[in-house]
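The values are calculated or read from the model by the stated rules, or taken from the named source; none is laboratory data. Being a predicted model, the structure only gives us computed values, none of them experimental. When we count neighbours, we look across all protein chains shown, and the Cβ atoms used for this are built from the backbone with ideal geometry, even at glycine.
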Amino acid sequence: MPKYEHVMIARQDLSNMQAEGLVEHFSKVLAENDGNVLDTEYWGLKTMAYKVNKNRKGHYAFIKSEASASAVQEMERLMRLHEDVMRVMTIKVKTHEEGPSVMMGSKQRHREDKPESTPVDDSKSKSGDE
């Protein structure tokens, strides 16, 4: 079966639970059409680069799936008809990456890349010309 990654943006006035409920709802749509949902991630409420349908923020969600093209088309059709979903993007991939997506792991990686703060010795930087 082909492998897909889906990203969905829901309206900002939804609660976190409602946004996660949308992800579960669309995962069920894939499962009902003989698809297999491998992983879902809720990325949270994020600020967008520009307004979409008069909204500056949106609830982002990510779904990894293995499904037929007809199952994906049906899920996308229902997403586009749903009033709470603002944008949908589906990408066909050759293989799914293991572990959490880049969006989920970015905080952990950022902390690991950040060097420990070291105190600066100001006495060495001052000149003795005074």
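What the table shows:
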item	result
Residue match in region 15-34 (condition: under 16 Å from residue 79 (Cα atoms), in a loop (DSSP other than H, G, I, E, B) and of a type outside the set (S, T, N, Q))	no
Flag for residue 58 being under 12 Å from the mean Cα position of the chain (by Cα) and at pLDDT below 90	no
Selected residue [assigned to a loop (DSSP other than H, G, I, E, B), surrounded by 12 or more Cβ atoms within 10 Å (Cβ to Cβ) and either at pLDDT below 75 or not acidic (Asp, Glu) (or both)] from 100, 119, 115	100
Whichever residue in region 45-75 is without any contact (Cβ under 8 Å) to a residue 60 or more places away in the chain and assigned to a helix (DSSP H, G or I) and, among such residues, is farthest from residue 24 (Cα to Cα)	70
Number of the condition not met by residue 95 [criteria: (1) modelled with pLDDT under 90; (2) under 30 Å from residue 13 (Cα atoms)]	(2)
